[in-house]
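Q: Quick one: this structure, given as structure tokens, is what I'll be asking you about.
The values are calculated or read from the model by the stated rules, or taken from the named source; none is laboratory data. From a predicted model like this one, the values you see are computed outputs, not experimental measurements. Reconstructed Cβ throughout: ideal geometry from the backbone, glycine too, with neighbour counts over all protein chains shown.
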Amino acid sequence: MVKKQDALYATALDEIIDFRFDERVVDVFPDMIQRSVPGYATMISSIGVLAAKYAQANSHCYDLGCSLGAVSLAMRQRIRQTGCDIIAVDNSQAMIDRGQQLLASDTSTAVPVKMLCANIQDVTLENASIVVLNFTLQFIPLEERLALIKRIYQGLNPDGLLILSEKIAFDEQQRQSFHVDSHHEFKRANGYSDLEVSQKRTALENVLIPETLDCHQQRLKEAGFGFSDLWFQCFNFTSLVAVK
């Protein structure tokens, strides 16, 4: 499948609507995510490594907010425990449809993957050894985030793993400016113009609500996780692990 270049914000728009994962985004998503999220490929491959270690036999592995299924594919290619399956969930039908096409072309079929179009807050989580929220929680309303993390904790088996990747904010203005500016420079280095950076930022500002690292860690603790740690950071893009 040919990867199309993201040019959604390359020309000046009369009106910038809130960002949504529709057909237009799905068409360019692989290019968009690679050019917009520093360290994305490293995170995906490393999630596969973590899945190989923490997957438990005869359990479910959840990819919540799966988009095109990159995390699901990484887990599928690494997991060796018997009786595991992967449940991938996204509320964009366009993402699910395209993701199913990509899964169909994958030759690693030992671990079955089921893709569901649903809101992740509505999905029953049970007998889980791994749950991944890869840049997903930031799109959930603030007031619903703790309840979701608590449900994940309750659905995890003992020694189960949550992987939480998020764009974060900083309390200190100097740190915030450094990381935001560095991220924008990263996007320019990958071919995005100042116009594209500006218009994309406007489209996301009411949709993607970042929080501080401390806020995420406090929420994990409140949900019941006894251990959590930051395992990846590149500019203001991070990933944490939490073990039940």
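Q: When you go through (1) small (Gly, Ala, Ser); (2) touching a residue at least 40 places away in the same chain (Cβ under 8 Å); (3) out of contact with any strand residue (DSSP E or B) (no Cβ under 9 Å at 6 or more places or on another chain) one by one for SER108, which number turns out not to apply?
A: (2)
Q: Consider the stretch 47-66. How many of its residues are assigned to a helix (DSSP H, G or I) and in contact with a strand residue (DSSP E or B) (Cβ under 7 Å, 6 or more places away or on another chain)?
A: Residues of the stretch 47-66 assigned to a helix (DSSP H, G or I): 47-54.
Then keep just the ones that are in contact with a strand residue (DSSP E or B) (Cβ under 7 Å, 6 or more places away or on another chain); that gives 47, 50-51, 54.
Counting residues in the stretch 47-66 that are assigned to a helix (DSSP H, G or I) and in contact with a strand residue (DSSP E or B) (Cβ under 7 Å, 6 or more places away or on another chain) gives 4.
Q: Next question, about the same structure. Of all residues in the stretch 148-179, which are surrounded by 12 or more Cβ atoms within 10 Å (Cβ to Cβ) and in a helix (DSSP H, G or I)?
A: Here is the first cut: in the stretch 148-179, the ones surrounded by 12 or more Cβ atoms within 10 Å (Cβ to Cβ) are 148-157, 160-170, 175-176, 178-179.
Those that are surrounded by 12 or more Cβ atoms within 10 Å (Cβ to Cβ) and in a helix (DSSP H, G or I): LEU148, ILE149, LYS150, ARG151, ILE152, TYR153, GLN154, GLY155, ARG175, GLN176, PHE178, HIS179.
Q: With the structure loaded, tell me whether ILE44 is under 15 Å from the mean Cα position of the chain (by Cα), at pLDDT 95 or above and among the β-branched types (Val, Ile, Thr) or whether it fails that test.
A: On the way: under 15 Å from the mean Cα position of the chain (by Cα): yes; at pLDDT 95 or above: yes; among the β-branched types (Val, Ile, Thr): yes.
When the stated conditions are applied, ILE44 passes them.
Q: Can you work out which of the residues in the stretch 145-189 that are among the acidic types (Asp, Glu) and in contact (Cβ under 8 Å) with a residue 60 or more places away in the chain is nearest to GLN81 (Cα to Cα)?
A: Pass one, the stretch 145-189, residues among the acidic types (Asp, Glu): 159, 166, 171-172, 181, 185.
Narrowing the set further to residues that are in contact (Cβ under 8 Å) with a residue 60 or more places away in the chain leaves 159, 166.
On the way: ASP159: 15, GLU166: 28 Å.
Within the stretch 145-189, the match that is nearest to GLN81 (Cα to Cα) is ASP159.
Q: Also, quick follow-up: I'd like the full set of residues that are among the hydroxyl-bearing types (Ser, Thr, Tyr) and in a loop (DSSP other than H, G, I, E, B), limited to the stretch 7-46. Let's see the steps before the verdict.
A: The initial filter retains those residues of the stretch 7-46 that are among the hydroxyl-bearing types (Ser, Thr, Tyr), namely 9, 11, 36, 40, 42, 45-46.
Listed by number, the residues that qualify are TYR9, THR11.
Q: If you scan the stretch 221-238, which residues turn out to be more than 27 Å from PHE186 (Cβ to Cβ) and not basic (Lys, Arg)?
A: From the stretch 221-238, those more than 27 Å from PHE186 (Cβ to Cβ) are 221-227; that's our starting set.
Within the stretch 221-238, GLU222, ALA223, GLY224, PHE225, GLY226, PHE227 qualify.
Q: Exactly one of (1) under 30 Å from ASP27 (Cβ atoms); (2) surrounded by fewer than 16 Cβ atoms within 10 Å (Cβ to Cβ); (3) more than 18 Å from the chain's Cα centre (by Cα) is unmet by LYS114. Its number?
A: (3)
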